[in-house]
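Single-structure report; data block below.
The values are calculated or read from the model by the stated rules, or taken from the named source; none is laboratory data. Since the structure is predicted, the reported quantities are computational estimates derived from the model, not experimental observations. Counting neighbours? That spans all protein chains shown, and the Cβs are built from the backbone with ideal geometry, glycine included. When the accessible area is computed, the model is the full protein with side chains, heavy atoms only, and any ligands, DNA or RNA have been set aside. Shrake-Rupley method; radii C 1.70, N 1.55, O 1.52, S 1.80 Å.
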Amino acid sequence: MFSLIDCNNFYASCERVFRPDLNGKPVVVLSNNDGCVIARSNEAKALGIPMGAPAFQYEDVFVKHNVHVFSANFALYGDMSHRVMTILSEYSPDIEIYSIDEAFLNLDGLEHLNLLDYGNKIRKHVFKWTGIPISIGIAPTKALAKAANRIAKKFSDKTNGVYVLDNQEKITKTLKWLSVEDVWGIGRRHSKRLKAIGVKTAYDFIQLDDNYVKRKMTIVGLRLKRDLQGIPTIQMEDVQPKKNIATTRTFETNYSEFEQINERVITFAVSCGEKLRKQNSACNSLMVFIHTNQHREDLPQYSRNIVVKLPFPTNSGIELAKFASQALKQIFKPGYFYKKAGVIVMDFTPADIPQYDLFENSDERHKPLMQAVDKINSRYGQHKIRLASQDQKRVWKMKQEKLSPRYTTKLSDIITINL
Amino acid sequence: MEFKVNSKELEKLLSKVIPAVPTRTPMSILENFLFEIKDGLLNIYATDLEISLKSSISVVADENESFVVQAKLLYEIVRSLKETTIHFTLTPSKKVNLVTDFGKYSLSYLDATEFPNLQTFEDDKEMNEVTINGNDLKNAFDKSSFAMSKEEMRPAMMGTLFEFSDNGLRFVTTDGHRLVNLLYKNVKSVFNNSYVVPERAVSVLSRILDEKDVRIRMNKAYMSFKLNDIELITRLISQKYPDYASVIPLENELTLKVNTKELLDSIKRMMLFSTSTTKRVKFSIKEKEIEISAEDLDLGASGEEKVSCEFSSDSLEIGFNCAYVQDVLSHLTSEEEIIFKLHSATKAVIIEPVQKKENIDIIMLLMPVRLNS
């Protein structure tokens, strides 16, 4: 048996943990730069605020209904997620953390327990220790657990947040209820095509011929079909180190000067270096891209990217910054207003086994230096120590006007309680 | 316009020129041969814009003419014919007809003006020129071309350096991880100059070189290789070649003498046990023997072997990419024994034959990989 555990309205719930006064009130969380709505409490959903709504368009709605708006506080969400996952890992040795707010637990060998009680125990434990409400779906396969979770959440008044698909009758009923576009792994394109041939629900989908599914949706589609039929086919996955790492941002305003964009690109490269070191990789290639605002048809448009093969594998922020800046020089054209830029590092090798090069080598001194930088930044806050070419003039700062305190990760932000 | 040619002679000619025809190209005109009939001579050209090949035979023709015809189709039909005389006729409807005793074939042709302009080398006394035996040149390519880089980050390293001087003709290739430096002392030049020849020219030349002499001529941008009845002209890589001389270490005083074949066989076996991403092998060198070991943590497999040697010091541990060691050794198999000149675990290693040859100096460099500290 598998179980899918999903945190309800995760970012909004995190904000509420430390602001109990917001319980029962509408809460939304905005994306980086306070751009779009990325999380909504149930009350906000009820007001008809859609996922991804541009914040500036809904300004009036927020004011009118007294919606509490927060800037994304990923330090808080990341830490809360870690707490939830740590508790979950007590309930099964085999856990797959699927996203910041979702995890699969493999419950094989626990079938002798009453799984409904087990789910309720997990739910109570997580809520009591972290304040985060969760929904749990339990079923014979991962795809069915995902469907069960949907029911647990949708009908929480009846299910109390836990739903177990433990017999064929329940499974069939669920599949008949579940729309095909809501099936885990069926995207917009496939669901459109399936609907066109009369496949409306998950139940219709599993009636399709194997060959047809394989032809139209490859082996991935066929595996999904088997999983929905109750034959465990999609297995638990180990965490794989990432194959490439990107740091990209949409700018708050348009930039036209090389210096401004260079400063951003260097900061992105430094951030990629940090992420590389975290997974103990070094990269052999790097891509830099820039583009103008495609929605401003009145302005001249330009977009370019460039991939450079590095002369040696590195994860040093200093070296990555140098290569990224050189690459930017090659694609930057004056006279345009740039809206977005990014750095993507790829082609990874393990960091600790470099092949020495005859002509150019990664500077050996950077290794201890970067370790020290990482330590300082993790203790005293991001970007506390940075390159001189980064951010000094404060040209850029993420728009975070409604940022909540970092309750759990910063000493000065810890709440004081008066007794 | 018409001319006649023997099918086997034409096949030989086409087979020499066809290597320059690119297999995949966005410019379809390059998939053709340029035929040029001039004063009783049939010249056939092919190019991929980086290199061009030209070969010629005498023909009996009634006038001078040039035209462009599909390379692959023509080559395939000529190749499959029995020995016969082919009678070529150009018709006003842009067809070239090939008539033999037993068949007639018709191909479309294009005007010669459609074909890109080709660099030519006229006889000029002022031009730098060197002659080298074809087998020697082929040997130099065979020994060195493996170390050319495939990475576009450093374009000069994607070619072979030709360094002409009164010391001889030196060939250098490197990808930054290994380097080959080969000098023919008896091919002296009166001028001192170096040029970088792209990989494609080297690989095509390797296929067509034989024991006959090769006349090499060059200007700043192009180099010409004239074999008996065939001429290859290549564009040169204009980027500066890295300063190879400065990375050849002078202070490597530790010497390790070892049998080439024994070491190569051992490396091939250890390669099976090395991690596929790093291909790392460890050499633990002692006075009388090297212990070579590799470990594949993903497969949980490991291996170690001992190879006897003569080492001038007590002990040294050094790591290599075993694919690189194999490359170097397999290009030195004509040598019974080789010497590794070492300094330390992080510095370049010199590998050279024990038996020095009179006219050829060859050394190879290999950069180590870091062993886990």
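Work out the FRET efficiency for A:Arg386 and B:Asp101 from their Cβ-Cβ distance, taking R0 = 51 Å, and round it to the nearest 0.05. Efficiency computed from Cβ-Cβ geometry: 0.05.
Label-to-label distance, A:Gln279 versus B:Ile363, with points set 7 angstrom from Cα along the beta-carbon direction: 4.2 nm. Put simply, the amide H of A:Tyr98, placed in the peptide plane, has neighbours under 5 Å in A:Ala103, A:Phe104, leaving out anything fewer than 5 places away on its chain. Remark: spin-label model distance A:Ile197-A:Asn211 equals 1.2 nm, labels positioned 7 Å along the Cα→Cβ axis. A cut-off under 14 angstrom between Cβ atoms defines the neighbours of B:Leu42, and their net charge, with Lys, Arg +1 and Asp, Glu -1, is -4. Residue pairs exceeding 32 angstrom between C-alpha atoms, taken from B:Lys143/B:Lys226; A:Lys124/A:Lys195; A:Lys216/B:Lys279: A:Lys124/A:Lys195; A:Lys216/B:Lys279. Only one residue of A:Phe74, A:Phe56, A:Gly35 has its Cα farthest out toward the positive end of the dipole of chain A, where Lys and Arg carry +1 and Asp and Glu -1 on Cβ, and that residue is A:Phe56.
Candidate cross-link partners of A:Lys64 among the lysines, defined by an alpha-carbon separation under 26 Å and a same-chain spacing of 8 or more, comprise A:Lys25, A:Lys45, A:Lys399, A:Lys402.
The dipole here belongs to chain A: it is taken about the Cα centre, uses +1 on the Cβ of Lys and Arg and -1 on the Cβ of Asp and Glu, and is about 780 debye.
Where the centroid of each part is defined by its Cα atoms, how far is segment B:62-90 from segment B:1-51 in Å? When both Cα centres are located, 10 Å separates them. Partner aspartates and glutamates whose Cα lies under 15 Å from the Cα of A:Lys142, excluding those fewer than 8 positions away in the same chain, are identified as A:Asp6, A:Asp94, A:Glu96, A:Glu102, A:Asp108, A:Asp166, A:Asp182, A:Asp227, A:Glu237, A:Asp238. DSSP assigns beta bridges within segment B:249-366; of those with both partners inside it, close to 100 percent run antiparallel. For segment B:89-225, the fraction of 1.4 Å probe accessible surface lying on carbon and sulfur atoms is 45 percent. Between helix A:74-88 and chain A there is an angle of about 40 degrees, using the helix long axis and the longest principal axis of the Cα atoms. Expressed in Å, the radius of gyration and Dmax of the Cα atoms of segment B:2-114 are 13.1, 39. Label point of B:Glu83 set 7 angstrom out along Cα-Cβ; within segment B:93-119, no amide nitrogen lies under 15 Å from it. Test of understanding: extend the Cα→C-beta vector of B:Ser276 to 7 Å, then name every residue of segment B:299-314 with backbone N under 19 Å from that spot. Under 19 Å, as judged by backbone N against the label point of B:Ser276, lie B:299-303 of segment B:299-314. Nearest 0.05, what FRET efficiency do A:Thr416 and A:Tyr98 give at R0 = 45 Å with Cβ-Cβ as r? E between A:Thr416 and A:Tyr98, to the nearest 0.05, is 0.80.
Dipole magnitude for segment B:2-114: about 380 debye, using +1 per Lys or Arg Cβ and -1 per Asp or Glu Cβ, origin at the Cα centre. In the elastic network of chain A, a GNM with C-alpha springs shorter than 10 Å, the most mobile of A:Phe104, A:Phe70, A:Phe337 is A:Phe337. How large is the helix-only mean residue ellipticity at 222 nm for chain B, computed as the sum of -39500 (n - 2.57) over DSSP H runs with n ≥ 4, divided by its residue count, in deg cm²/dmol to the nearest 500? Using -39500 (n - 2.57) per qualifying helix, the result is -5000 deg cm²/dmol. Neighbours of B:Asp136 by Cβ distance under 14 Å: Lys/Arg scored +1, Asp/Glu scored -1, total +2. Ranking B:Leu299, B:Pro249, B:Ala345 by how far each Cα lies toward the positive end of the dipole of segment B:249-366 (charges on Cβ) leaves B:Leu299 at the top. Estimated at 0.36 nm per residue, the fully extended path between B:Val354 and B:Leu110 surpasses their Cα-Cα distance by 82.0 nm. Annotation: per residue accessible area for the protein assembly as shown equals 50 Å², rounded to a whole number [probe 1.4 Å, protein chains only].
Put the Cα centre of segment A:154-185 next to the Cα centre of segment B:311-346 and the gap is 65 Å. Please work out the Cα center distance from segment A:72-99 to segment A:335-382, rounded to the nearest Å. Here the answer is 27 Å between Cα centres.
Cross-link partners for A:Lys329 among the lysines, with Cα-Cα distance under 19 Å and sequence neighbours closer than 8 places in the same chain left out: A:Lys309, A:Lys339, A:Lys340. Stretched out straight at 0.36 nm per residue, the stretch from B:Glu126 to B:Lys288 would grow longer than its current Cα-Cα span by 52.6 nm. Taking the square roots of 5 times each eigenvalue of the Cα gyration tensor of segment B:249-366, largest first, gives ellipsoid semi-axes of 24, 15, 13 Å. Computed over neighbours whose Cβ is under 9 Å from that of A:Tyr407, the net charge equals 0, Lys and Arg +1, Asp and Glu -1. Among B:Ser302, B:Ser334, B:Ser93, the largest mean-square fluctuation in a Gaussian network model of chain B, built with springs joining Cα atoms closer than 10 Å, belongs to B:Ser93. Sequentially through segment A:62-70, phi angles give Karplus couplings (6.51, -1.76, 1.60; θ = phi - 60°) of 4, 5, 4, 9, 6, 7, 8, 10, 10 Hz, Gly and Pro residues having no value and appearing as x. When +1 charges are put on Lys and Arg Cβ atoms and -1 charges on Asp and Glu Cβ atoms, the dipole computed for segment A:1-115 relative to its Cα centre reaches about 540 debye. So if we plug the beta-carbon distance of A:Ala46 and A:Asn305 into 1/(1 + (r/R0)^6) with R0 = 35 Å, what FRET efficiency do we get, rounded to 0.05? It comes to 0.25. Placing pseudo-labels 7 Å out from each Cα toward the beta carbon at A:Asn254 and B:Ser165 gives an inter-label distance of 5.7 nm.
Using a Gaussian network model of chain B in which every pair of alpha carbons under 10 angstrom is joined by a spring, one finds that among B:Thr278, B:Thr47, B:Thr174 the greatest mean-square fluctuation is at B:Thr278.
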